[in-house]
């Protein structure tokens, strides 16, 4: 839930990138961190294993400046993709204002995407939330890999609610800011 401080005229929102292991969640944040000017972003904090897999979370803060007279900040988090870290995944969703579900377009990740989506819904339910209440978008990442699952197949399997969906190649930034911009607008519209 967004923290709104009327006395200081500040809004702080929490955005979570959710999805399968090695699907591109951390890569999204790393690209954003590299592209956004230092005065707008904080340091990128990553708690990863020696093989660079996210162990607990990644974190990046963005200062959006003034939105309707309020200083607006977004805290971007990723969850670990591995299901054995479900307690961390659930904890990171606590207080979420918006979600980017990052789906890996690899054919071998198709079922894992579906399982991760179900897991996200179950973890939201633990907080009394559903995907009908939380602004969220889909990102179909790794569109450049050979044999990628078609967007139509991904839409049919993951987007029954018809939320905004974006094709991406996070390693080169394609679709990264389109995804973030759409979610940001959804979150801010909900606060208005």
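Laboratory data are not the source of any read-out in this text; all were calculated from the coordinates shown. Note that the structure is predicted; figures quoted are calculated from it, not measured. We place every Cβ from the backbone using ideal geometry, glycine too, and count neighbours over all the protein chains shown.
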Descending packing, highest mean Cβ count within 10 Å first, for 79-86, 120-127 is 79-86, 120-127
With both bridge residues required to lie in the chain, what share of the DSSP beta bridges run antiparallel, to the nearest 5%? 45
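For the pair residue 190 and residue 7, what calculated FRET efficiency results from E = 1/(1 + (r/R0)^6), where r is the Cβ-Cβ distance and R0 = 25 Å, to the nearest 0.05?
0.70
Using a Förster distance of 30 angstrom, determine the FRET efficiency expected from the C-beta separation of residue 71 and residue 171, and round it to 0.05.
After rounding, the FRET efficiency stands at 0.40.
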Could you state the angle between the C-alpha long axis of helix 25-35 and the longest principal axis of the C-alpha atoms of the chain, as a value from 0 to 90 degrees rounded to the nearest 10? 50
Just order 20-31, 151-162 by mean Cβ neighbour count inside 10 Å, highest at the front, would you? 20-31, 151-162
Expressed as an acute angle from 0 to 90° and rounded to the nearest 10, what is the orientation of the C-alpha long axis of helix 176-191 relative to the principal long axis of the chain? 50
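What value, in deg cm²/dmol to 500, does the helix sum -39500 (n - 2.57) over DSSP H runs of n ≥ 4 give at 222 nm once divided by the residues of the chain?
-9500 deg cm²/dmol
Show me the ranking of peptides 59-69, 102-112 by mean Cβ neighbours inside 10 Å, starting with the highest.
102-112, 59-69
If R0 is 25 Å, what FRET efficiency do you get for residue 111 and residue 86 from their C-beta distance, rounded to 0.05?
So the FRET efficiency works out to roughly 0.90.
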